[in-house]
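The values are calculated or read from the model by the stated rules, or taken from the named source; none is laboratory data. Please read all numbers here as calculations on a predicted model, not as lab measurements. We place every Cβ from the backbone using ideal geometry, glycine too, and count neighbours over all the protein chains shown.
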Amino acid sequence: MATKKPTVRQLEALLEASKLLNSTLESSELLRRILDSARELSGAERSTLYLVDEARQHIWTQVVSGPQIESFRMPIGVGIAGHVIARGRTSRIRDAYRSPHFNRAQDRKTGYRTRSVLTVPFRGRDGEVAGAIQAINHVRRGYFDEHEQVVLEQLGDYAALAIENARYVEALKEKRRMEEDLLAARRIQHNMLPREIPTAPGVELAAVYVPCFEVGGDSYDALALDNGSIGFSVGDICGKGLTAAMMMANLQSLLRAEARRGSPPHETMATMSGVFHEITDVHQFATFFYGVLDPASGHLRFSSAGHDPMIVMHPDGSLAEIPLGGPPLGILPTAEFPDHQVQLTPGDVCVVYSDGITEQRNAHGEMYESERLVETVRALRGHTAPELVAKIRESVQEFAGGCAATDDFTLVVLRWSASA
């Protein structure tokens with residue numbers, strides 16, 4: 001810090017500059033005001049503001065050149081400003097071309113001739129150097145004196161506080177925007193779930209979906225089809241969060257469109273897979289199950305795309321053999337998905353689930369696994385479909401023992417009894 005004090009005129013100008021800086025929280029306007037104040041207070045032709053980018057170990061600049069603002073980056077330690085920021089000490093140079101730290105490339109690029117340079121660092125609340133203000137070419141004399149140095153250092157203190165406040169406000173605004181986006185996505189995802197579960201004589205259908213985060217990549221659907229059949233599905237996108245939720249919303253829209261057209265499960269899967277492959281990158285895929293039940297006969301037709309096999313349990317606790325399906329959706333531009341059929345008998349229970357259930361871990365690192373799920377269904381097979389959903393969820397929660405879920409939890413249970 002220079003030993004001299006600002007003049008009365010400089011103190012008055014500093015006070016006005018402080019008021020000016022604190023009257024806005026909009027970043028680009030604030031930076032412009034800092035630059036204008038620095039130029040006026042130091043009597044410079046130009047002023048430059050350097051901000052530290054800690055993540056990249058760079059400093060980035062906004063240079064006032066008439067009404068335009070040019071921006072560029074350079075490593076910390078490079079150039080006069082980079083050297084000042086690295087050392088945390090003010091530099092006052094009468095002839096820039098005699099300084100070993102001066103980078104002449106910018107002058108050659110712009111045609112401007114840099115002569116005298118005053119560069120002062122400023123620090124954030126944590127005491128770390130957050131940037132620097134640089135005044136270039138004194139207008140009335142060929143150099144900057146201690147009066148200009150002390151006034152620019154004082155301005156740096158004001159600027160540091162104003163920049164931190166503006167960044168804090170911007171971070172709050174961004175957080176609020178993200179929360180609003182997540183809320184909107186959650187509403188969209190909630191609206192994509194069936195508002196009513198279809199009913200038919202002899203059919204019980206129940207489901208639950210619990211996202212791991214605010215929004216997730218799982219979903220289920222239950223559809224009353226025009227021919228009197230009931231369609232039901234469970235899907236699981238690779239990934240979680242907002243992106244996965246939006247992709248799953250696209251898949252559900254495709255499913256409903258194909259279901260309304262009366263497309264059989266295997267054709268529905270092929271169409272969804274082709275479209276999904278077109279709109280996502282090579283690393284994205286989804287597992288999916290889609291089944292169509294004839295309530296009158298108990299005939300169930302289904303197709304699966306890389307999804308865990310459906311559990312079909314008879315009243316005596318034995319299991320129907322359910323074959324594996326085709327590849328996950330989106331893996332290949334064209335793919336075939338087997339069309340499977342099973343004839344349900346009265347009292348049969350069908351359970352379709354996402355791997356967030358079977359891969360739930362407890363405090364010992366053990367997973368719930370499909371075998372445990374089968375045994376849980378076997379023990380509860382006499383309950384109604386809604387009761388089965390609730391009790392399976394309780395079983396998984398008890399197994400977890402308070403351990404947080406790491407994936408979405410989705411479960412659909414169907415019980416069929418011959419209608420009277």
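Starting from residues that are farther than 17 Å from residue 164 by Cβ and in a strand (DSSP E or B), keep the ones in region 31-58 and report whichever is modelled with the lowest pLDDT.
Applying the filter and picking the extreme gives 58.
Looking at residue 99, is it more than 30 Å from residue 219 (Cα to Cα), buried (at least 17 other Cβ atoms within 10 Å of the Cβ) and either polar (S, T, N, Q) or free of Cβ contacts under 8 Å to residues at least 40 places away in the same chain (or both)?
no
In this structure, is residue 357 assigned to a helix (DSSP H, G or I) and within 26 Å of the chain's Cα centre (by Cα)?
yes
Among the residues of region 225-232, is any touching a strand residue (DSSP E or B) at 6+ places or on another chain (Cβ under 9 Å), touching a residue at least 60 places away in the same chain (Cβ under 8 Å) and surrounded by fewer than 16 Cβ atoms within 10 Å (Cβ to Cβ)?
Taking every residue of region 225-232 in turn, at least one turns out to be touching a strand residue (DSSP E or B) at 6+ places or on another chain (Cβ under 9 Å), touching a residue at least 60 places away in the same chain (Cβ under 8 Å) and surrounded by fewer than 16 Cβ atoms within 10 Å (Cβ to Cβ).
Given (1) surrounded by fewer than 17 Cβ atoms within 10 Å (Cβ to Cβ); (2) within 27 Å of the chain's Cα centre (by Cα), where does residue 161 come up short, assuming only one miss?
Here residue 161 meets the rest and fails (2).
Does residue 166 qualify as being within 23 Å of residue 58 (Cα to Cα), without any contact (Cβ under 8 Å) to a residue 60 or more places away in the chain and not in a strand (DSSP E or B)?
When the stated conditions are applied, residue 166 does not pass them.
Among the residues of region 142-167, write down those that are farther than 17 Å from residue 47 by Cβ and out of contact with any Leu (no Cβ under 7 Å at 6 or more places or on another chain).
142, 146, 161, 164, 167
Testing residue 287 on (1) in a strand (DSSP E or B); (2) closer than 21 Å to residue 262 by Cβ, one condition comes back false. Which one is that?
Single failed check for residue 287: (2).
Tally up the residues in region 272-282 that are within 12 Å of residue 328 (Cβ to Cβ) and surrounded by fewer than 19 Cβ atoms within 10 Å (Cβ to Cβ), please. Break it down stepwise before answering.
Of region 272-282, the ones within 12 Å of residue 328 (Cβ to Cβ) are 272-273, 276-277, 280.
Then keep just the ones that are surrounded by fewer than 19 Cβ atoms within 10 Å (Cβ to Cβ); that gives 280.
Qualifying residue count for the region: 1.
Only one of these conditions is not met by residue 116: (1) touching a residue at least 60 places away in the same chain (Cβ under 8 Å); (2) in contact with a strand residue (DSSP E or B) (Cβ under 7 Å, 6 or more places away or on another chain); (3) surrounded by 13 or more Cβ atoms within 10 Å (Cβ to Cβ); (4) over 30 Å from residue 168 (Cβ atoms). Which number is it?
Status for residue 116: all satisfied but (1).
Scan region 263-284 residue by residue and report those that are closer than 18 Å to residue 342 by Cβ and part of a helix (DSSP H, G or I).
Listed by number, the residues that qualify are 265, 266, 268, 269.
Could you please find all residues in region 174-212 being small (Gly, Ala, Ser) and either closer than 16 Å to residue 252 by Cα or not in a helix (DSSP H, G or I) (or both)?
Within region 174-212, 185, 200, 202, 206, 207 meet the criteria.
State whether the residues of region 313-332 include one that is among the polar types (S, T, N, Q), in the same structural domain as residue 215 (by TED's automatic domain parsing) and either under 29 Å from the mean Cα position of the chain (by Cα) or within 28 Å of residue 212 (Cα to Cα) (or both).
no
Applying the selection to region 378-390, what residues are crowded, with 17+ Cβ neighbours inside 10 Å and over 22 Å from residue 402 (Cα atoms)?
Of everything in region 378-390, those that are crowded, with 17+ Cβ neighbours inside 10 Å and over 22 Å from residue 402 (Cα atoms) turn out to be 380, 381, 383, 385.
Within region 351-377, how many residues are buried (at least 16 other Cβ atoms within 10 Å of the Cβ), free of Cβ contacts under 8 Å to residues at least 60 places away in the same chain, out of contact with any strand residue (DSSP E or B) (no Cβ under 6 Å at 6 or more places or on another chain) and not β-branched (Val, Ile, Thr)?
3
Would it be correct to say that residue 338 is part of a loop (DSSP other than H, G, I, E, B) and either touching a residue at least 12 places away in the same chain (Cβ under 8 Å) or surrounded by 13 or more Cβ atoms within 10 Å (Cβ to Cβ) (or both)?
It is true that residue 338 is part of a loop (DSSP other than H, G, I, E, B) and either touching a residue at least 12 places away in the same chain (Cβ under 8 Å) or surrounded by 13 or more Cβ atoms within 10 Å (Cβ to Cβ) (or both).
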